[in-house]
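Peer 1: Attaching a single structure in structure tokens format; questions to follow.
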Amino acid sequence: GAVVSQHPSWVICKSGTSVKIECRSLDFQATTMFWYRQFPKQSLMLMATSNEGSKATYEQGVEKDKFLINHASLTLSTLTVTSAHPEDSSFYICSARDWGDSSYEQYFGPGTRLTVT
Amino acid sequence: AQKVTQAQTEISVVEKEDVTLDCVYETRDTTYYLFWYKQPPSGELVFLIRRNSFDEQNEISGRYSWNFQKSTSSFNFTITASQVVDSAVYFCALSYTGANSKLTFGKGITLSVRP
């Protein structure tokens, strides 16, 4: 149980275009989902926390207009990187918290590797 | 504010050696959770253990063991008889309780196990 999927697993896009990454909880309902970014040889940095049906809460220094997060259902959250630039190239990881799990554990997706050319 | 320090950045051992990965944390909360994750070259985070702040019992799972000491704010991870497949980046993380509680990650330790 507690499986989180991400799509796509990798994507290459041209500078200036937008790309959408999906995060799905497959076998549980996730009222809260998190988006992380990880640069090579670095740790995971939390970008934002999203709750189903409400606006995401972004961490300091993360551009809200550039990284659009939508959490429209209890099983799906999307991250859209708008007007992507090469410096946005990174590994994006989502995680989801089971609504019924009192341990507050986060279940991680496999990640999406974004390359902007 | 919460903070997780993994002072070791890279460790290299020969197969079958034991290795301990250190984790020191800071938090003002009395109730919190500590985690260890493994990130192999594929990138996917693999959950290893979660420990509640009220449970200071050490845990052993196969070749893995964890030593939690609140007195020193440490949650160290030992791999016994390391194997090449243990080569990965290992992250220690801290979370307070609550629906929107965030995970604070350490910088990670790159473990290389040589045959």
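Peer 1: Determine which single condition B:R50 fails, assuming it passes every other condition in (1) within 14 Å of chain A (Cβ to nearest Cβ); (2) modelled with pLDDT of 95 or more; (3) open to solvent by 40 Å² or more (accessible area, probe 1.4 Å).
Peer 2: Condition (2) is where B:R50 drops out.
Peer 1: Output the residues belonging to region A:79-102 that are open to solvent by less than 40 Å² (accessible area, probe 1.4 Å) and not polar (S, T, N, Q).
Peer 2: Those that are open to solvent by less than 40 Å² (accessible area, probe 1.4 Å) and not polar (S, T, N, Q): A:L79, A:V81, A:A84, A:D88, A:F91, A:Y92, A:I93, A:C94, A:A96, A:R97, A:D101.
Peer 1: On the basis of being open to solvent by 40 Å² or more (accessible area, probe 1.4 Å) and part of a strand (DSSP E or B), does B:R28 make the cut?
Peer 2: It is false that B:R28 is open to solvent by 40 Å² or more (accessible area, probe 1.4 Å) and part of a strand (DSSP E or B).
Peer 1: Given the condition out of contact with any Gly (no Cβ under 7 Å at 6 or more places or on another chain) and either within 12 Å of chain B (Cβ to nearest Cβ) or in a strand (DSSP E or B) (or both), answer yes or no: does some residue in region A:82-89 qualify?
Peer 2: Checking region A:82-89: not a single residue is out of contact with any Gly (no Cβ under 7 Å at 6 or more places or on another chain) and either within 12 Å of chain B (Cβ to nearest Cβ) or in a strand (DSSP E or B) (or both).
Peer 1: Ok, one more. Within region B:84-102, identify whether any single residue is open to solvent by less than 30 Å² (accessible area, probe 1.4 Å), among the aromatic types (F, W, Y), more than 12 Å from chain A (Cβ to nearest Cβ) and closer than 25 Å to A:I93 by Cβ, and answer yes or no.
Peer 2: no
Peer 1: Taking region A:41-79, which residues are in contact (Cβ under 8 Å) with a residue 12 or more places away in the chain, small (G, A, S) and under 19 Å from B:F105 (Cβ atoms)?
Peer 2: Of everything in region A:41-79, those that are in contact (Cβ under 8 Å) with a residue 12 or more places away in the chain, small (G, A, S) and under 19 Å from B:F105 (Cβ atoms) turn out to be A:A48, A:S50.
For every residue, the table says whether it meets (1) touching a Lys or Arg at 6+ places or on another chain (Cβ under 8 Å); (2) under 24 Å from A:D101 (Cα atoms).
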{"residue": "B:R28", "(1), (2)": "no, yes"}
{"residue": "B:W36", "(1), (2)": "no, yes"}
{"residue": "B:G43", "(1), (2)": "yes, no"}
{"residue": "B:V46", "(1), (2)": "yes, yes"}
{"residue": "B:S65", "(1), (2)": "no, no"}
{"residue": "B:V84", "(1), (2)": "yes, no"}
{"residue": "B:G98", "(1), (2)": "no, yes"}
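Peer 1: I need the full set of residues from region A:29-50 which are of a type in the set (S, T, Y) and not in a strand (DSSP E or B), in order please.
Peer 2: If we filter region A:29-50 for residues that are of a type in the set (S, T, Y), which is where we start, we get A:31-32, A:36, A:43, A:49-50.
Selection gives A:S43 alone.
Peer 1: For region A:61-78, does any single residue satisfy the condition of being β-branched (V, I, T), at negative phi, within 11 Å of chain B (Cβ to nearest Cβ) and surrounded by 14 or more Cβ atoms within 10 Å (Cβ to Cβ)?
Peer 2: no
Peer 1: Which ones in region A:38-52 are over 15 Å from A:A96 (Cα atoms) and more than 11 Å from chain B (Cβ to nearest Cβ)?
Peer 2: Selection gives A:F39 alone.
Peer 1: Let me ask you something else. Only residues in region B:53-68 that are more than 15 Å from B:D86 (Cβ to Cβ) and at pLDDT below 95 count as the first member; pair them with residues that are open to solvent by 40 Å² or more (accessible area, probe 1.4 Å) and part of a strand (DSSP E or B), Cβ under 8 angstrom, at least 6 apart or cross-chain, and list the lot.
Peer 2: B:E56/B:Q69; B:N58/B:N67
Peer 1: Filter region A:103-113 for residues that are part of a strand (DSSP E or B) and surrounded by 21 or more Cβ atoms within 10 Å (Cβ to Cβ); which is nearest to the other protein chains (Cβ to nearest Cβ)?
Peer 2: First pass over region A:103-113, keeping only residues part of a strand (DSSP E or B): A:106-108, A:112-113.
Okay, now just the ones that are also surrounded by 21 or more Cβ atoms within 10 Å (Cβ to Cβ), so A:106-108, A:112.
Details: A:Q106: 6, A:Y107: 8, A:F108: 4, A:T112: 9 Å.
Going through the qualifying residues, I end up with A:F108.
The values are calculated or read from the model by the stated rules, or taken from the named source; none is laboratory data. All values reported here derive from a predicted model rather than from experimental measurement. Heads up, the Cβs are rebuilt from the backbone with ideal geometry, glycines too, and the neighbour counts pull from every protein chain shown. With ligands, DNA and RNA removed, areas are computed over all heavy atoms of the protein, side chains included. Shrake-Rupley method; radii C 1.70, N 1.55, O 1.52, S 1.80 Å.
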